[in-house]
Structure formats: C-alpha cells, structure tokens
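This report concerns only the one structure given below.
The values are calculated or read from the model by the stated rules, or taken from the named source; none is laboratory data. As the structure is a computational prediction, the values presented were derived from the model and not from experiment. As a convention, Cβ positions derive from the backbone with ideal geometry for all residues, glycine included, and neighbour counts pool all protein chains shown. With ligands, DNA and RNA removed, areas are computed over all heavy atoms of the protein, side chains included. Shrake-Rupley method; radii C 1.70, N 1.55, O 1.52, S 1.80 Å.
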Amino acid sequence: MRCCLRRMSGLLGRNNKVNQLAFSSQCWGAKTAEVHGDGVKTSFPTPSVPGITMSNSFKLDKPASFSITEQEKDNHVYTRWSNPTVRNLETKLAFLESGEDCIAYASGMAATAGLLLSRLSNGDHLIMSDINYAGTAELVRHTLPRFGIDVSLCDTSNLNEVKDCITPRTKLIWIETPCNPTLRLTDISAISEICKDNGCELAVDSTFATPVAQKPINFGADFVVHSLTKYIGGHGDSVGGAIVGRSAEAIQQIKSDSLVHQGGILSPFNAFLISRGAITLSLRMAQHEKNAKKVAQFLESHPLVTRVNYPGLQSHEQHELAKRQMNNFGGMLSFTTVKGTTARLSEKMMKELSLIHYAVSLGHSKSLLFMIETDAILNSTFGPGMSVKQIQDFKQFAGEEGIFRMSVGLEEADDIIRDLDQVLKN
Ligand SMILES: *Cc1c(COP(=O)(O)O)cnc(C)c1O
C-alpha cells in the first residue's frame, strides 16, 4: 500500500514550508516512509539548539578509507570514529579546558584507561598519586603490570617524594587534585616543572575541580581527564568521560589507539545530555561552592565531627595552594566522626536522611553522602603496596574507621544542614 506523505505534512505545522515542500515532492510506500520519513532536509529554520545525531553511519560525498585509522578528522563516516553530537561536546570541553582537542568516552574510566594504555608501553614507568579514585587505583595496580608497565604510587603533594620516584623510564605522572576521598591537593605547576625537567608527561584527573575551578593545561599539564558523569553532566542522568589535550596531535594518537580500536565511545544521546548540562556549569559550581562552604563550617563546629576536609576551609593544610590554584573550592568535602560512631551514623544516615541521598557518585544536583570504610579502602583500593607512612598519612585524613564523602548539591544550604543535623546524634 502506498502512503502519500503529502497528506501527513499538515501534522508538521502549517508554517513549516520546508517540510511541506520536501514531503510534497515525495510519494513513498509505507515501508519506505518508515525508513525515510525522518529524512527531510530541514536546513531552514536552523534550530537554535543542535539536534541529536544518533546515526551510526554517514552518507559519503567523497571516497573514504576503509582503514579506520586513516579516516579524515572531521569527515563523519562512522560514529565510532566521529559523530556530530559527540564532536559538539568535545569542542566545548576543549574550549573550557584551554586545550587544543578533546576525546569523549563512554565513562571516566574508559577515558582513564584510554590515556594510560595509549601513552604507556611495555617497559615504561608511571608515577601515580597514592590516593585517588578507586577505579583508577585498581586499574593501575591490577592491569598495567600485566602489560609490563611499572607503577610507583607516591604522595604527589610532596614534591621531593615525586622527584625520588622518577626513573629514566618514567613516561607519565598522573595526579588527581583535589583527590578522592581526602580532598588532598597537588600543586599542578610544580609537578609540571618536574615533568619538564625529566622529559615526561603530566595527566591530571580534574573531575572534582571542573574547568570552572582549575584549568590544568594553563598550569603546564599535557592532559586533563574528566568523569563527565559528575559535575560537567551535572544532573545525575548520564555516564561519560573525556580527555582534553594540550596538543591536538597527542589527542589524535590516543583517539586512533584507544577510542577507535578499543571502542569505548560516548553515545550521542549522552553527549547531548552532558553538553546541555554543561551550559550551566559555572552557575552550578558557584552554588555548589556556596553550599559546601556552609556545610563544611557547620560540620567543623559539630561535636561529633572530628575532621573536615574541604579546600575552602582555613583549616585545610593546603588552603594557600587552593587559593593559588583554584578559582572555586568546589562542592566536595569529606569528614570523620568521633571514634566508635562511624558505622552507626552511616546506618542511621541510610535510613533517616530525608533530603540527602545516601549514595555513591558526585557532582549531582542532589546532595549525596556515602561512608567509605578505611580498611576497605586500604585493602581493596590501595592494596598491600602501601608503606606504613602512607597508611598513617591516609588515616590522618580518613580516620581509623571510615570517611564520609559528601557531594553538596544545589538545594538550599539551610535545608541540607538541617537534614545532617537531625542524623548527627549520639
Ligand atoms: C567517578 C570518577 C572517575 C570515574 O568516572 P566514571 O564516569 O564513573 O567512569 C574517575 N575519577 C574521579 C575523580 C571520579 O570521581
């Protein structure tokens, strides 16, 4: 049965002349209409928000190489190589981080693994912050050694310790600042000087900070890594990651190595959500910071709280560095409570918090709180390689029993504080 699309054009709105014209020149069968009915060329009116291009393949107007590594940069051929919606997000992120180019990934971990596995080879040495995101810590401890890559975990806030870890084979230094979950900072420009002196590259996981708070490339970093799942997406509804590079050439190499061949691409739908979320990044970060400062001050004065880690507090050991390096102290904080209360309080929070969600993740519009047991971190994430000094240092920030990590959301600060106050009881 043939279905003349002309009759359907009324559904598209009377003033949509372009659509009416396009439809009136076609008269397709129903199956053809199912397949091509959305293929109307609407060059006018130009939408003020770019649409989502979910297409996984693109019609070619010139020959393209079948070898995926030789495909041209901005000639969209196949979505694993490039996609207009994903490219829009990459362009935005490169701009926000003052980099030359960016690659988006399916998750922050895909970006992390992509960078490490394409910049490092058998025989290379990596220096990695001894406190960092659990997935990153496990990846470098469990996976990289299988490929002949040596890893030294060191306190990157201590420049002498970093210098002592350097070997002639050191290829990359990876820092996370502020780091998860202790909010310890690392001086990006000081580490970048060490890198320059020793001919190695610097990668910064800047997820906690966002480009609103710090732009590592301006401090000398070669790569910035983000979990877009967190503040940049910002609404808790998508997972994604990205690497921004100081040099477009390095990004191109990582792209063919790790994105095209390992395949961890970001879906165009998530790219659209994340790009939309990023529209309000500065506005949200201002509110996250405002709320986090108030919550940190409340916690600092609470009798059951023994320590608060927040770079914006005077009491943070590296507050001066925070002021020098960060334009916004962020929405992340962590705290410990009086000995003997940690497990009970976390259980109470699970049951009794009414506004704050007892949940992992961060950078959400909603406040999220989660207790991480110190032994669990030491055994699983940091593993047996930690020295006695590293364990002591860690416990100084995270306590003996566990650390509460909080992502302070966009609600009214007074409401967040009231919710905390009603559970922080003996
Ligand atoms: C969440 C997170 C990651 C991993 O990102 P995913 O998107 O969950 O894969 C890496 N680094 C930091 C600091 C994170 O918070």
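Please specify each residue of segment 178-187 satisfying the condition of being without any contact (Cβ under 8 Å) to a residue 60 or more places away in the chain and within 12 Å of the ligand (Cβ to nearest atom). Answer for segment 178-187, where residues must be without any contact (Cβ under 8 Å) to a residue 60 or more places away in the chain and within 12 Å of the ligand (Cβ to nearest atom): just C179. Checking the conditions here, which among V212, V225 is in contact with a helix residue (DSSP H, G or I) (Cβ under 7 Å, 6 or more places away or on another chain) and either charged (D, E, K, R) or crowded, with 24+ Cβ neighbours inside 10 Å (or both)? None of the other options fit; the residue is V225.
Scan segment 127-163 for residues that are in a strand (DSSP E or B), within 16 Å of the ligand (Cβ to nearest atom) and polar (S, T, N, Q) and the total you get is 1.
Here E176 meets the list (1) open to solvent by 10 Å² or more (accessible area, probe 1.4 Å); (2) within 25 Å of T374 (Cβ to Cβ) almost entirely, failing just condition (1).
Can you name every residue in segment 276-308 that is touching a Leu at 6+ places or on another chain (Cβ under 8 Å), open to solvent by less than 20 Å² (accessible area, probe 1.4 Å) and assigned to a helix (DSSP H, G or I)? Across segment 276-308, the qualifying residues are A278, L281, R284, H288, N291, A292, V295, A296, L299. Here H316 meets the list (1) under 20 Å from V239 (Cα atoms); (2) open to solvent by less than 50 Å² (accessible area, probe 1.4 Å); (3) not small (G, A, S) almost entirely, failing just condition (1). Here V77 meets the list (1) open to solvent by 10 Å² or more (accessible area, probe 1.4 Å); (2) of a type in the set (V, I, T); (3) within 15 Å of A250 (Cβ to Cβ) almost entirely, failing just condition (3). Of the residues making up segment 228-254, those that are open to solvent by 10 Å² or more (accessible area, probe 1.4 Å) and not aliphatic (A, V, I, L, M) are T229, K230, H235, G236, D237, S238, R246, S247, E249, Q252, Q253.
Can you name every residue in segment 367-390 that is in contact (Cβ under 8 Å) with a residue 40 or more places away in the chain and surrounded by fewer than 16 Cβ atoms within 10 Å (Cβ to Cβ)? The answer is S380, G383, G385.
For every residue, the table says whether it meets (1) over 28 Å from A286 (Cα atoms); (2) more than 16 Å from the ligand (Cβ to nearest atom).
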{"position": "L345", "(1), (2)": "yes, yes"}
{"position": "K348", "(1), (2)": "yes, yes"}
{"position": "E352", "(1), (2)": "yes, yes"}
{"position": "L355", "(1), (2)": "no, yes"}
{"position": "A359", "(1), (2)": "no, no"}
{"position": "G363", "(1), (2)": "no, no"}
{"position": "F370", "(1), (2)": "no, no"}
{"position": "G385", "(1), (2)": "yes, yes"}
{"position": "I391", "(1), (2)": "yes, yes"}
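Residue by residue through segment 339-366, note down the ones that are buried (at least 20 other Cβ atoms within 10 Å of the Cβ) and small (G, A, S). Within segment 339-366, S346, G363 qualify. Just to be sure, is T336 more than 22 Å from the chain's Cα centre (by Cα), away from the ligand (no atom under 16 Å from the Cβ) and surrounded by 20 or more Cβ atoms within 10 Å (Cβ to Cβ)? Taking the combined requirement at face value, the residue satisfies it. Looking only at segment 126-153, residues that are open to solvent by less than 30 Å² (accessible area, probe 1.4 Å) and of a type outside the set (G, A, S) come to 11 in all. Would segment 93-106 turn up any residue that is in a loop (DSSP other than H, G, I, E, B) and within 16 Å of the ligand (Cβ to nearest atom)? Taking every residue of segment 93-106 in turn, at least one turns out to be in a loop (DSSP other than H, G, I, E, B) and within 16 Å of the ligand (Cβ to nearest atom). Pick from A203, A190: which is away from the ligand (no atom under 16 Å from the Cβ) and modelled with pLDDT of 95 or more? Only one candidate passes the filter, namely A190. The sole residue among T280, T210, T229 that is hydroxyl-bearing (S, T, Y) and away from the ligand (no atom under 13 Å from the Cβ) is T280.
Filtering segment 237-277 to residues that are in contact with a Phe, Trp or Tyr (Cβ under 6 Å, 6 or more places away or on another chain) and away from the ligand (no atom under 13 Å from the Cβ) leaves G245, V260.
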